[in-house]
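Below is one structure, written out as structure tokens; comments come after it.
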Amino acid sequence: MSATTKLSISLPADLAAEARSLARSERGGNLSGLIAELLDREVRRQRSLEAVAEWEAEHGALTAEELHAARRRWLA
């Protein structure tokens, strides 16, 4: 397991309540684990978008057919 860093964040009250509820139902009450998972997912999403943009800069925009094929592979 990697080292952790304690952070303090502020959220709107309604969002904090939703986050706690989701953590209880999905992560056994582990709010930090839930937030870490969601942030990791967003980081990976951003990196994927950057990789696609880099590829398109070199090879041109993906066609609709290529996007469809990628979605099929992704969802398989």
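Numbers for the structure displayed
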{"read-out": "Unmet criterion (only one of (1) open to solvent by 70 Å² or more (accessible area, probe 1.4 Å); (2) over 16 Å from the mean Cα position of the chain (by Cα)) for ARG45", "value": "(2)"}
{"read-out": "One residue from ALA23, ALA61 being part of a loop (DSSP other than H, G, I, E, B) and of a type in the set (A, V, I, L, M)", "value": "ALA61"}
{"read-out": "Filter result for LEU67 (modelled with pLDDT under 95, part of a helix (DSSP H, G or I), of a type outside the set (S, T, N, Q) and out of contact with any Phe, Trp or Tyr (no Cβ under 6 Å at 6 or more places or on another chain))", "value": "yes"}
{"read-out": "Among (1) at pLDDT below 95; (2) assigned to a helix (DSSP H, G or I) - the single one GLU50 does not satisfy", "value": "(1)"}
{"read-out": "Restricting the range 1-42 to residues that are of a type in the set (Asp, Glu) and open to solvent by less than 90 Å² (accessible area, probe 1.4 Å), the residue that is farthest from GLU66 (Cα to Cα)", "value": "GLU37"}
{"read-out": "The range 17-42 residues that are among the charged types (D, E, K, R), paired with ones that are in a helix (DSSP H, G or I) (beta carbon under 7 Å, 6 or more apart)", "value": "ARG20/LEU31; GLU26/LEU34; ARG27/GLY33; ARG27/LEU34"}
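The values are calculated or read from the model by the stated rules, or taken from the named source; none is laboratory data. In this text the structure is predicted, and so the values were computed from the model without any measurement. Note that each Cβ is placed from the backbone with ideal geometry, even for glycine, and that neighbours are counted across all protein chains shown. These area figures cover heavy atoms from the full protein model, side chains too; ligands, DNA and RNA do not enter into them. Shrake-Rupley method; radii C 1.70, N 1.55, O 1.52, S 1.80 Å.
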